[in-house]
Structure formats: C-alpha cells, structure tokens
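A short worksheet on the structure shown next.
The values are calculated or read from the model by the stated rules, or taken from the named source; none is laboratory data. A quick note: this is a predicted structure, and the numbers were derived from the prediction, not measured. Because the Cβ atoms are built from the backbone with ideal geometry, glycine has one as well, and the counts that use them run over all protein chains shown.
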Amino acid sequence: MQFKQDYFEQLEGFYSQVYPLPISQPHWLAWSDDAAKLIGAQRGQLNAQGDDELLMQLSGNHPMPGASYYAQVYSGHQFGGYSPRLGDGRSIILGEALANPQPTSVPHGHATAWDVALKGAGPTPYSRSGDGRAVMRSAVREFLASEALAALSIPTTRALAVIGSDLPVWRESQETAAITVRLAKSHIRFGHFEYFCHSGQGGKDKLIQLLNFTIKQHYPHLSQDYQGYKAWFTQVVKDTAMLIAHWQAAGFAHGVLNTDNMSILGDSFDFGPFAFLDTFKEDFICNHSDPQGRYAFGQQPGIGLWNLQRLAQALTPVIESDDLVAALNTYQAELVQQYLLLMRAKMGLSVSEQTAVQAQEQDKTDLDLIGRFCHVLQHNLLDYTNSFRAFGQLDVTSGHANISDEIIDRPQFDDWYKSYQQRVGKLDDIDQWQAQRNSVNPKYILRNYLAQEAIVAVEEGDKSKLLELHTLLTQPYAEQPELDHYANRPPQWGQGLIMSCSS
Ligand code: AMP
Ligand code: MG
C-alpha cells in the first residue's frame, strides 16, 4: 500500500491530527480479497515478532508507513435537526492509498486512490461522550453491507477487513470492540459543507477551498469556477438520485439518512441499522431510534431531496439560489429514470425506440405496472428478493405464473399478470430472457437474520459462518445449490428485525 496525503496537506483546518489507540489481541475477523485488490493490500507478511504486520498497522498498534492519521470535522442534520459539530468521533483516516493499476473493477468503483479509515480506532477530538470504539456486531454489519452492495453494483464505500479484539466496550451490555477498515473514494459528506457554511470557521473562503478540492480530486473534468460549481452541484444531485434509485430497486433501507451520512459522491455510506427488505413493506422501518419512520424504506427518495436541499442551503454563499433550485429540480426525473431502468431490467420490460411523447406515456404505464406489482407483494406479504428472482423461471406465455405460488389474493394478481403479459409481449428467446432476469435479480442478499446468525457465531468463537456468508454475497446472482438455505425467508425470530443505533 502506498499513500498520498492530499486532504491532509491541502485542507488544513478541515481535520484534527489524532493517533489510534492500540487495541489488545487484534485478529482478522474478516478480509475482502476484492477490496484488497483495489489498493494492492496484502496480509500475512510477518514481522520480526512473527506477527502479521498489516494487522498490527491497521489495528493501530504499529505505525503505518506514509500514514498521516486524522479525523475530519463536519456537522449535519440528524433526524431533521441541525447538529453544529459532529466530525469523526471514532474513525481515523490514514490517507489516500493509491489504487492498484489493475483492480477488480465494479461499476461506480473506479478511483485513482482510496481513503483508508480505521472505524473504531479510539477517541478523537470529535468523540464527545463516546469511547471512539465500534462493537464487533456493527463492524461486521458494515463489512458485509459494503461488500454485498458492491457485488450488486450499487455505489458504495468498501470494507477491506474487520479486526476483532478482546477489548471490552459498554453499550446496553458489555461487548467487544472491533475495527472496520473502510475504503472510500472520499469521506467528504454533505455535512462538511454544512459545517463550513454555518460554523463561522473561515466562512466563504473555506467553503470555496473545500469545493475546489472536491472538484479537483473527484470531478477533474469540471472547472474550479462558477460554471464548474454549478455543474458540480447538478452532478451531486444526479449521483444522489442514482444512489437512491438503486436502493429502492434493490429493496435496501439505509436507516440513518442524516446529512452527515451522505457521501458527496453518492456512495452508500456509514452503515448502521440498515436492512435489505425481506417481506416487501413500503413503510418498513429498520432503525429502532426512528419510531416516526423518517427514514423508512419508502421515505428514502424524499429524504434524498431533503438532504440535497440542506446541502444547497450550505452552498448559497457560493452558488446563486436560482442555480441551486434549477439543479434540485432535476432530482425527481433523474431518480425516476434510473429507477425505471433498473426495474425494467428486473421485470424484463424492454423499450424500443420512441418519440419523446411516446416515451413519457411508456414511463407512466411502466411505473403503474411496477407500482401494482409492489402492491401485490405488500398485500400478499411476499418476499421482495425471492419474488423478483422468480422472474428467472417465468414462462411469460403461460397462464400459470410461478411467481404467483404464494399469492393469497388471486384476482388482484391475475389482473396485474394480464397487464404484465401484454406489456412483455412475444419473446424470441425465452431462455435468454430468463437468464437476463437472473443476472439482475439476486438470489442471495444480506438478510438481517443471516447477519445476526453470523454475528452470534462469532460471539461464540466461530467465524466460519461469517466467512461463508461473505463469500456467498460476493456472487449474489449465481446459483449456489449447497448454500440454497441462505435464500430462505427469515425464521419467526428474524422477521422485521429492527436494529439499535448504538454501535
Ligand atoms: P453515526 O450514527 O455512526 O453516523 O455517528 C454520528 C456521530 O457520532 C459521528 O460524529 C460519529 O463519529 C459519532 N460517534 C458514534 N459512535 C461513537 C463512539 N462510540 N465514540 C465516539 N463517537 C461516536
Ligand atoms: Mg455517521
């Protein structure tokens, strides 16, 4: 691994230097070969004491050559209210590791460098009353979620590893600490801009400095002037819309969409009480601290816009309101178009060349068809992922649809199915059509109960389930017959699990 230090060297005043606190008995709990390839990281190289040196470095016990060690400052809107100063309370960034020239590439995964952050490495000036640590269960959940989303081609930060330890930490009860080694193209959040707008720390100059840095690092095709700023914000709106469309199509709920958890690059970021839906439920809430459902699954598109509005507000010293509003106004259409693209692929709805008016009509019809299918799922308490996977065996010409096996309200389904058959029309090659469905509808997703089972096993000293689950999720579309049970709906205890925020 080779580091550069652009953020550290060019953005003084945007972070505090802070070193990790050593941790006792570090050991690898999980490791992602795919993420390691992005930066050419190699474990297993032993030092003079016979320890894995990378493990020692990433646990904070030995210094990492070329690292700078810093925690970034930012603020953010949490559950609708503004918190004027948050910052990395338990995450320490080592710097930007240069990308391996031949990384495994996933869509949205291209980068010339990846921030390496140790999440749970000890207190920082931003820890407030927190201990700066992360508990094993939350470290494992972040690891699995990052790698599972990447394998589904959903924009996301990555996780290189989870390092376990025997350090006790207190939450509702005693647990053990762990560190997630996170890779991110950037750790800049909406909240960074909010902090430098609202805090009085350097005002407009600092805001422009941050904006220029962001553009130079991540949008090199844009200019660092007014035209560039406008184009940049429009791009942020687009990337955010794209991210949320991906979540809605995959049935993923983030759970804590505060503006400090929104990556400026539109990556899934800062995982807490997230969930992939099992039974489809539009208003599913996965976060125990969100009884009102502000961040319920179906609220995410609206919250994405609300968060962008907060970012826009923070940019008003630099970008004219009219230009910000014009960019915000593109959000809904971007989201709908991206969502339609993904859902049409899932359901096998092809679109031929059309005039603009015809395309508009087609969009409306298809949104209605998709919406009605989601209604069927919700009404009949069906599993989101498995219902879509069934399209891969569907003979659309047949009156009997395998996707209807668990339907209770038959007339409602038949009504929808007739419209669907009409829309799909005649297929030249049904095998190919089915194979295409299987290439976009995953068989295996990170169900909360599966994560929970793996975590309980780790607590009991067995990490084989975690390794098996991680390996499975790197190939979510492939049939893996010996691991078929991982596609099962949750048992009674694992249905609608609501996770606690305390991590
Ligand atoms: P999160 O809910 O994980 O997005 O965290 C919100 C804020 O609380 C961020 O500023 C975190 O750095 C901080 N935070 C969360 N947990 C801890 C902890 N155990 N110790 C210190 N700070 C924390
Ligand atoms: Mg956070």
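Things worth noting here:
- Region 315-325, residues that are touching a residue at least 40 places away in the same chain (Cβ under 8 Å) and within 27 Å of the chain's Cα centre (by Cα): LEU315, LEU324
Every residue, every condition in (1) of a type outside the set (Phe, Trp, Tyr); (2) modelled with pLDDT of 95 or more, yes or no:
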position	(1), (2)
TYR19	no, yes
HIS27	yes, yes
ASP34	yes, yes
ALA99	yes, no
VAL106	yes, no
THR112	yes, no
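- Residue within region 240-260 that is surrounded by fewer than 20 Cβ atoms within 10 Å (Cβ to Cβ) and closer than 26 Å to PRO84 by Cβ present: no
- Residue list for region 347-367, restricted to those being buried (at least 17 other Cβ atoms within 10 Å of the Cβ), assigned by TED's automatic domain parsing to the domain that holds THR385 and closer than 15 Å to TRP416 by Cβ: ASP366
- Here ALA454 passes the criteria (1) in contact (Cβ under 8 Å) with a residue 60 or more places away in the chain; (2) more than 15 Å from VAL162 (Cα to Cα) except the one numbered (2).
- In region 428-443, the residues that are under 16 Å from SER387 (Cα atoms) and of a type outside the set (Ser, Thr, Tyr): GLN434, ALA435, GLN436, ARG437, ASN438, VAL440, ASN441, PRO442, LYS443
- For region 186-218, the set of residues classified as of a type outside the set (D, E, K, R) and within 16 Å of ligand 2 (Cβ to nearest atom) consists of SER186, HIS187, ILE188, PHE190, GLY191, HIS192, PHE193, TYR195, listed by residue number.
- Put simply, of SER32, SER75 the only residue that is over 21 Å from LYS463 (Cβ atoms) and in contact (Cβ under 8 Å) with a residue 60 or more places away in the chain is SER75.
- Considering each residue of region 180-189 in turn, none proves to be aliphatic (A, V, I, L, M), surrounded by fewer than 24 Cβ atoms within 10 Å (Cβ to Cβ), within 19 Å of TYR74 (Cβ to Cβ) and free of Cβ contacts under 8 Å to residues at least 24 places away in the same chain.
- ALA457 being part of a helix (DSSP H, G or I) and within 24 Å of the chain's Cα centre (by Cα): no
- Residues (of a type outside the set (A, V, I, L, M) and away from ligand 1 (no atom under 16 Å from the Cβ)) located in region 58-80: SER59, ASN61, HIS62, PRO63, PRO65, GLY66, SER68
Okay, residues lined up against (1) outside the structural domain of GLY266 (by TED's automatic domain parsing); (2) in contact (Cβ under 8 Å) with a residue 60 or more places away in the chain; (3) assigned to a strand (DSSP E or B):
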{"site": "THR124", "(1), (2), (3)": "yes, yes, no"}
{"site": "ALA139", "(1), (2), (3)": "yes, yes, no"}
{"site": "GLU142", "(1), (2), (3)": "yes, yes, no"}
{"site": "GLU147", "(1), (2), (3)": "yes, yes, no"}
{"site": "ILE154", "(1), (2), (3)": "yes, yes, no"}
{"site": "SER165", "(1), (2), (3)": "yes, yes, yes"}
{"site": "PRO168", "(1), (2), (3)": "yes, no, yes"}
{"site": "GLU172", "(1), (2), (3)": "yes, yes, no"}
{"site": "GLU175", "(1), (2), (3)": "yes, no, yes"}
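- Taking the listed residues GLY255, GLY266, the one that is under 14 Å from PRO301 (Cα atoms), away from ligand 1 (no atom under 15 Å from the Cβ) and not hydrophobic (A, V, I, L, M, F, W, C) is GLY266, with no other qualifying.
- Restricting attention to region 238-263, the residues that are within 15 Å of PHE284 (Cα to Cα), small (Gly, Ala, Ser) and in contact with a strand residue (DSSP E or B) (Cβ under 8 Å, 6 or more places away or on another chain) total 4.
- Only one of the numbered conditions (1) modelled with pLDDT of 95 or more; (2) over 21 Å from GLN72 (Cα atoms); (3) of a type outside the set (Val, Ile, Thr) is not met by HIS221, and that is (1).
- Checking each residue of region 75-83 against the condition of being within 16 Å of ligand 2 (Cβ to nearest atom), touching a helix residue (DSSP H, G or I) at 6+ places or on another chain (Cβ under 6 Å), aromatic (Phe, Trp, Tyr) and assigned to a loop (DSSP other than H, G, I, E, B) gives no match.
- Inclusion of SER68 among residues that are surrounded by 18 or more Cβ atoms within 10 Å (Cβ to Cβ) and within 27 Å of THR214 (Cβ to Cβ) is warranted.
- Qualifying residue in region 275-289 (condition: within 16 Å of ligand 1 (Cβ to nearest atom), acidic (Asp, Glu) and either out of contact with any Pro (no Cβ under 8 Å at 6 or more places or on another chain) or closer than 24 Å to GLN313 by Cβ (or both)): no
- Of the criteria (1) under 21 Å from ALA184 (Cβ atoms); (2) part of a strand (DSSP E or B), which one ALA36 fails: (2)
- Of the candidates GLY60, GLY120, GLY130, the single residue that is over 22 Å from VAL458 (Cβ atoms) and either at pLDDT 95 or above or within 16 Å of ligand 2 (Cβ to nearest atom) (or both) is GLY130.
- Positions within region 197-225 being without any contact (Cβ under 8 Å) to a residue 24 or more places away in the chain and under 18 Å from SER321 (Cα atoms), in sequence order: ASP225
- Test: THR214 is hydroxyl-bearing (Ser, Thr, Tyr) and either away from ligand 1 (no atom under 16 Å from the Cβ) or assigned by TED's automatic domain parsing to the domain that holds VAL135 (or both): yes
- Restricting region 8-42 to residues that are under 16 Å from TYR70 (Cα atoms) and among the aliphatic types (A, V, I, L, M), the residue that is surrounded by the fewest Cβ atoms within 10 Å (Cβ to Cβ): LEU21
- So GLY272, is it touching a residue at least 12 places away in the same chain (Cβ under 8 Å), under 22 Å from GLN72 (Cβ atoms), away from ligand 1 (no atom under 15 Å from the Cβ) and in a loop (DSSP other than H, G, I, E, B): no
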